[in-house]
Amino acid sequence: MKKTLGAVAAAAAIAISLSACGGSAPASTEAKGEINYWLWDANQLPAYKQCADDFTKANPDIKVKITQRGWDDYWTTLTNGFVAGTAPDVFTNHLSKYPEYAAKKQLLSLDEAVAKDGIKLENYTKGLPELWVGQDGKRYGLPKDWDTVGLFYNKAMTDSAGLTAEQMANLDWNPQDGGSYEKAIAHLTVDKNGKRGDEPGFDKNNVAVYGLGLAGSGSGQGQTEWSFLSATTGWTATDKNPWGTKFNYDDPKFQETIAWWAGLTEKGYMPKLETTVGASLADNFGAGKAAINSTGDWLIGQYQSYKGVKTAFAPTPKGPDGKRASMFNGLADSVWAGTKNPAASVKWVEYLASTACQDVVASKAVVFPALTSSSEKAAEAFKAKGTDVSAFTTHVKEGTTFLFPIADKAAKVDGIMKPAMDAVLSGKKPASSLTEANDQVNALFK
Amino acid sequence: MTTTTARGAVPARRATGTGTGNAAPRGRRRTRSDLRVALLFITPALIGFVAFYLVPSIRGVYLSFTEYSVLGDPTWIGTKNYTAIFADDLFWNAMAVTVQYVALNIGFQTAIALGLALLMHNVAKSTFIRGALLLPFLVANVIVALLWFWMLDYQLGIVNEVINWLGLPRIAFFGSEQWAIPTIAGVNVWRHMGYTALLIFAGLQSIPNHVYEVASLDGASPTRTFWSITMPLLRPVLVLVLVVTVIGSFQVFDTVAVTTGGGPINASRVIQMYIYQKAFGESDFGYASALSVILFVILALVAFVQMKFLKGNESDLD
Amino acid sequence: MTTSAPSRTKPATTVPTPRKPVNWRRVGAWTLVAVAVAVTIAPFLWMLRTALSSNASLASNASNLLPADFSLGAFKRVLGLQSPEEAIAEGGSGAAINFWLYLRNSVIFATVTTAGQVFFSAMAAYAFSRLRWPGRNVVFGLFLATMMVPPIFTALPNFLMIKNLGLLNTFAGLALPFLFMTPFAIFFLRQFFLSMSREVEEAAMLDGAKHVRIFFQIVLPNAAAPLATLALLTFIGQWNEYFWPLLVGQDESVRVLTVGLGVFKSQSPQGAPDWSGLMAATLIAALPVLLLFIAFGKRVVNSIGFSGIK
């Protein structure tokens, strides 16, 4: 009780100090009322709706109102909400955004709740819980799910190209010649006259099907675009992760990787960056315009929804260090520091992080929940639907994941890196220009 | 400009004064009582002006000298924001991009609007046509932007389908660096050309017919009539239109925000987009306020220069 | 615009000029007009065509002039008549859009601000045109200068002020910055008042009527036409307002149509935008203004050039 009161008092103090002369109602100490919950993934909405219903059955005094907002809108509206004092009580949080919110004291710390309610952090997939502890040592989220990156490919195209599933699952790559990864991409590229990318007479200006699709430059993280390649060269984005303060975009290993990747567009195996504005990587794949897409497991359902296209999955290629790699991202749910219902909100977060909810999410086979047991259930649910997700779970099993970069000033870093990476990918500037961008980024941390 | 035929009439309408030379003695007494009544009439507008224009402007200027991330308190940092701005490549890029946009937008918009106005004046006076041309203006900026974003889409847009059908390579209107700004300028020309045309058309209507008749009697060709008579007489209207549209054009935002978001790379990062990004994306309100102050100064200068150079206050009719 | 001496009409009775050259020019002119109208209207037709298509077929029928796989699903989705599962299946988002509520909010917002703006601006315009008082020109110049202030410059401080007043997410907070005046409205009305004849007013003043009475009983009724025009133009502008309601009116209870549209656009799942739903939404959002325009269009069109011309 004391600890809850402590949390409540802290929350109330923050709420009052934040809303200047707006009169805020004193935060309730009981777990009841209506709480607002936000998320951005429309595909996961049905699962969480069910969680909300179940939660209310178990806690009749608490109602959960779920709002879904698309990614673009989600963060600006959230920040707006912080300022306006109208932020949701609980919301899905992201590793790249939460440091700023924690620094600005917009997040409620969950340490007391975890201790009091005996939440066992070891039940979560390894590596996840620590990610959500801020620089100040306080915990700001309970793990919700995890995801990795893999290669999605059009089975019919690889079949007619003579590439077996075995081959696709064992590609290798290096920054010099691209390894069998580039060979596969080249072979899968077909121009309008039917010539493949590795055949003489291939017209790179008239491509009908690209070997590798393109979503964007990936800015400074390249989660699904190139990070799984750069990580195998031994390169890390920051000096330490989480909470690095020195970035390494000037590293030749990184620049080589990007140069190779941009080179794919030169050769005609990957679309030009300018064509991606307003386009969707997934929809283009569904329309048969690309053979391979490197993207995340949260889109499995999406890629399987395209009529007439059979999608298969392969793990990311092995790199110069002989191993695969995948960025490991884990979402969590956080509580807003200004919530008027801290007790109810914390209870909802705990529910979201418990097997009761995560098993429901697992059964819908959309994402991999954070709890190890639920995660396994998800893999089974995928299997029951006929989807082999070993390409994604292998990274967890083999320990070939690396963390999403967590650092301060993420928005400013992005403002520098996105145009810089766009310039390199569109061929406007060489990869060495990233050194200059890196200097600008590091200047932010001086 | 609406003074009746007597050429020698006092140019009362041009100056901001009301009628001159009425009952003089009464005027003196009235001046005093007018002030009180005037205050009564002006008060609501004054409240609006002070509360929502003046005070925020001052506060905005104050914020420009601070570092403020909205979720904390502003901290005074003097002119650091301004010195940073002048060293900021992205700022100069924003200025260059915006100027390019304004030049393209206003250039084409005014020319097309002028042409349309002439057509309407000489040929097609029907309300239906004027109404049709006004249609794009009625629809929100956001809607127009989304509509053209769809029509100019690289893969699925109808415009690119036509281009493809003509055998030419598809154009990434919003994705290519060279095309981004011209495309956005074009979208806004489409939106505003009808409205601007109507403004100019009204100006054309107010040119007395006898001027044209004199010209045709003297044997002037249509081109000569246009350049030597219509244009000069249209000048006040054109200046007004130019001043208003240039100011509006400098502040383009909705279209960019909804389509390119400032990209590709920095090709469409106009100044207002940059300000918004700094304020709401990077939570750097101090810097954003400083940028806004600079934008305001530039706009005031531009308007001043236009009015001065084009002598918009005078009318050749008088 | 009155013709002068009768002698000028003589040329009209002379030999008819050869018609041919004039005809070509007219044909050319009419063609240009037709092109302009086509360019203006065609995109709206395309909007309709897309709104009546189904998302899945859009890719394969990109150049078909008729709706691709005709379906009213998009409209149903926008109006909230589809279940989330159906919506996702058709390529839309599963979230509901509270269309009727947003419509109501837009109506309230636009009407209240229009009424306030027109009325208060008329009062101020009267003071600037009919009354003589020291500093009048200076103050008018100041008011005009505000036209040059970039909206984004005042948006943030205004937002902070509204927040401190506790008026966020209320209609009051939404309407306040627009309620009292805009420089354009004052300018517009002042120009009109300046050109109005004073005889009736002067007669009334001789009879001892005060300014307030003159304003309400003579000036306003006489200015009914430009007032109506201004009201129409203002209403249209307020209906299409996006940025401020985005900042201040996020809550469902006060969200207006334009903001709702923006949210709808961004709710599409990780695929491409829900094009057909988006086009349906924009059509519906534009409808009220279009209807108003059809009803009162002639007035708007005929008076659009009024400001500063006379």
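The values are calculated or read from the model by the stated rules, or taken from the named source; none is laboratory data. Quick caveat: nothing in here was measured; it's all calculated off a predicted structure. Backbone-built Cβ (ideal geometry, glycine too); neighbour counts: all protein chains shown.
Below, the figures for the structure above:
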| item | result |
| --- | --- |
| Hey, A:Val133 away from every other protein chain (no Cβ under 14 Å) and in contact (Cβ under 8 Å) with a residue 24 or more places away in the chain or not | no |
| Filtered residues of region C:29-66 (kept if modelled with pLDDT under 85 and either within 29 Å of the chain's Cα centre (by Cα) or surrounded by fewer than 15 Cβ atoms within 10 Å (Cβ to Cβ) (or both)) | C:Ser53, C:Ser60, C:Ser63, C:Leu65, C:Leu66 |
| Checking C:Leu142 against (1) in contact (Cβ under 8 Å) with a residue 40 or more places away in the chain; (2) surrounded by fewer than 17 Cβ atoms within 10 Å (Cβ to Cβ), the condition it does not meet | (1) |
| Selection within region A:189-214 - surrounded by 19 or more Cβ atoms within 10 Å (Cβ to Cβ) and assigned to a loop (DSSP other than H, G, I, E, B) | A:Thr189, A:Gly197, A:Phe202, A:Gly213, A:Leu214 |
| Residues that are part of a loop (DSSP other than H, G, I, E, B) and closer than 15 Å to C:Ser54 by Cβ, drawn from region C:66-86 | C:Leu66, C:Pro67, C:Ala68, C:Asp69, C:Phe70, C:Ser71, C:Leu72, C:Gln82 |
| Breaking point among (1) within 14 Å of chain B (Cβ to nearest Cβ); (2) within 24 Å of A:Ser373 (Cβ to Cβ); (3) not aromatic (Phe, Trp, Tyr), for A:Ala103 | (2) |
| Test: residue in region C:259-275 that is under 25 Å from B:Ser206 (Cβ atoms), crowded, with 23+ Cβ neighbours inside 10 Å and touching a residue at least 12 places away in the same chain (Cβ under 8 Å) | no |
| Every pair of residues 6+ apart whose Cβ atoms lie under 9 Å, when the first sits in region B:121-136 and is at the interface with another protein chain (Cβ under 7 Å from one of its Cβ atoms) while the second is among the small types (Gly, Ala, Ser) and not in a helix (DSSP H, G or I) | B:Arg130/B:Ala124 |
| Residues within region A:35-65 that are surrounded by fewer than 17 Cβ atoms within 10 Å (Cβ to Cβ), under 23 Å from A:Ala337 (Cα atoms) and within 13 Å of chain C (Cβ to nearest Cβ), tallied | 1 |
| Flag for B:Leu146 being in contact (Cβ under 8 Å) with a residue 40 or more places away in the chain, aliphatic (A, V, I, L, M) and at the interface with chain C (Cβ under 7 Å from one of its Cβ atoms) | yes |
| Qualifying strands (runs of 3 or more DSSP E) (wholly inside region A:283-394; at least 3 residues being closer than 26 Å to A:Pro242 by Cα and in contact (Cβ under 8 Å) with a residue 60 or more places away in the chain) | A:290-296, A:326-335 |
| Residue tally, condition surrounded by fewer than 16 Cβ atoms within 10 Å (Cβ to Cβ) and either within 26 Å of A:Tyr101 (Cβ to Cβ) or at pLDDT 90 or above (or both), over region B:52-78 | 8 |
| Selection from region C:97-156 of residues that are at the interface with chain B (Cβ under 7 Å from one of its Cβ atoms), touching an Asp or Glu at 6+ places or on another chain (Cβ under 9 Å) and outside any helix (DSSP H, G or I) | C:Arg130, C:Leu131, C:Arg132, C:Trp133 |
| A:Phe285 being closer than 18 Å to A:Val207 by Cβ and at pLDDT 85 or above | yes |
| Total residues in region A:239-266, condition in contact with a strand residue (DSSP E or B) (Cβ under 9 Å, 6 or more places away or on another chain) and either surrounded by fewer than 19 Cβ atoms within 10 Å (Cβ to Cβ) or over 17 Å from A:Lys418 (Cα atoms) (or both) | 8 |
| Search result, residues across region C:86-117 that are modelled with pLDDT of 85 or more and surrounded by fewer than 22 Cβ atoms within 10 Å (Cβ to Cβ) | C:Leu101, C:Leu103, C:Arg104, C:Val107, C:Ile108, C:Thr111, C:Val112, C:Ala115, C:Gly116 |
| Some residue of region A:366-375 being surrounded by fewer than 19 Cβ atoms within 10 Å (Cβ to Cβ), closer than 30 Å to A:Ala291 by Cα and not aliphatic (A, V, I, L, M) | no |
| Residues of region A:223-236 classified as touching a helix residue (DSSP H, G or I) at 6+ places or on another chain (Cβ under 7 Å) and buried (at least 21 other Cβ atoms within 10 Å of the Cβ), total | 3 |
| Residue ranges of helices (runs of 4 or more DSSP H) in region A:39-149 with at least 2 members more than 21 Å from A:Val413 (Cα to Cα) and not aromatic (Phe, Trp, Tyr) | A:45-58, A:71-84, A:111-116, A:128-131 |
| Region B:165-202, subset free of Cβ contacts under 8 Å to residues at least 60 places away in the same chain and within 30 Å of B:Thr230 (Cα to Cα), residue nearest to the other protein chains (Cβ to nearest Cβ) | B:Ala202 |
| Listing of helices (runs of 4 or more DSSP H) fully contained in region C:199-259 that carry 2 or more residues being of a type in the set (Ser, Thr, Tyr) and either within 17 Å of C:Gly116 (Cα to Cα) or in contact with a Lys or Arg (Cβ under 7 Å, 6 or more places away or on another chain) (or both) | C:224-239 |
| Test: residue in region B:232-253 that is free of Cβ contacts under 8 Å to residues at least 24 places away in the same chain, closer than 27 Å to C:Met147 by Cα and more than 10 Å from chain C (Cβ to nearest Cβ) | no |
| Candidate set: region A:151-177, residues that are among the polar types (S, T, N, Q) and assigned to a helix (DSSP H, G or I); chosen: the one surrounded by the fewest Cβ atoms within 10 Å (Cβ to Cβ) | A:Ser160 |
